[in-house]
Each structure stands twice: as C-alpha cells, then as structure tokens.
Amino acid sequence: MPTELINGFGKVYLTIEFDTVNNWVYNNWIGYQTYVGIIAGADACLHPLRDHACSYLLNDNRQVIGPWDHAVEWLVTNWAPRAISQGLTHFAHIVSSESLAALSAEAMHIGVNGKLQMRMFDDGDAAQEWLRLAQRASRKA
C-alpha cells in the first residue's frame, strides 16, 4: 500500500510505494515542491528502501511543477550519503525534459556523480528497463 505525503493545502505531493514485482521503490512527486516537503519526502522514501533491503529507486518528477533547486544541496550532501550507506545503488529519475524540474534533477545528477548510479529519463519505460538491466547485472556478478 502506498504511503501518501500531504502538503499544507491538504494535497498529496508524494506517493511512495515498494513495487514487489520489480523490487524497487517508486516515488511519484506531484505539484510544487517546498524545501520542507522535499526533506520529509526524501527521508520517508528511505524507510521502504531500508525495510526491503532495496538498492533501486524509480523517482518520477513528471507531475512536478517548477524547480526544486532549493533542496539539491541537501539531497546531495545529506540524503544521498544516507541512502547509499543503507544500500541504494541505482537511481532512475524520470523528468519532463522541458520542465524546470529537469534542471534541478540535472544539478542533483552532477552532485552525486561517482557516488551513485543515477540516470535521467523522459520516458518511464526506459527508466524501468535501465533498472531491470542493473538488477540482472547485479545477479550475474
């Protein structure tokens, strides 16, 4: 059952769900993202990653409105090291290429480069296929 996080206006701004079929955590971010909301949401997604010993995150920003640059530094310096230390290895980030959120995602990608396998996609199917290929490769290793 997905976890839903609600903003100050009573609207869902994030759903988090462990996908048992694909063995990854799926985050679906919705609307404008505040600094406080991003921190709460990013921290909340650590729980299913840890609880399921999951190394794969599918992070969907296609419904995000506006940039979230205000949280990139915190994500890179605080959240990412904690996620990596508990086993996160692959982060597939879906963004609409023409959105302002894509610029924020690119800044995060640059910040975590070399510490975490992170790729950006504008297509959900391609993001899922990349995670599946990573899972197959890790089983062969």
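Here, each number is a calculation from the coordinates, and none is a lab measurement. A quick note: this is a predicted structure, and the numbers were derived from the prediction, not measured. Virtual Cβ from ideal backbone geometry, glycine too; neighbours counted across all protein chains shown.
Numerical summary
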item: Per-selection Rg to Rh, the stretch 92-141 - Cα, Kirkwood hydrodynamic radius; result: 1.03
item: Kirkwood Rh in Å, taken over the stretch 42-102 so that all alpha-carbon pairs contribute; result: 12.4 Å
item: Helix 35-51 axis, angle to the chain major axis (alpha carbon atoms, nearest 10°); result: 20 degrees
item: Convex hull per residue volume in Å³, alpha carbons only, for the chain; result: 99 Å³
item: Whether the stretch 7-87 is rounded, prolate or oblate, judged on the alpha carbon gyration tensor where a/c under 1.5 counts as rounded; result: oblate
item: J(HN,Hα) series, the stretch 7-14, from Karplus relation 6.51 cos²θ - 1.76 cosθ + 1.60, nearest Hz, glycine and proline x; result: 8, x, 9, x, 9, 5, 10, 7
item: The chain: relative contact order in percent, alpha carbon pairs under 8 Å with at least 6 residues between; result: 19 percent
item: Between helix 100-112 and the chain: long-axis angle, C-alpha atoms, 0 to 90°, nearest 10; result: 50 degrees
item: Rounded to 5, the percent of DSSP beta bridges in the stretch 1-108 classed as antiparallel; result: 45 percent
item: Helix 124-140 vs. the chain, principal-axis angle (Cα, 0 to 90°, nearest 10); result: 30 degrees
item: Sequence ranges 74-81, 1-8, ranked by mean other-Cβ count within 10 angstrom, highest first; result: 74-81, 1-8
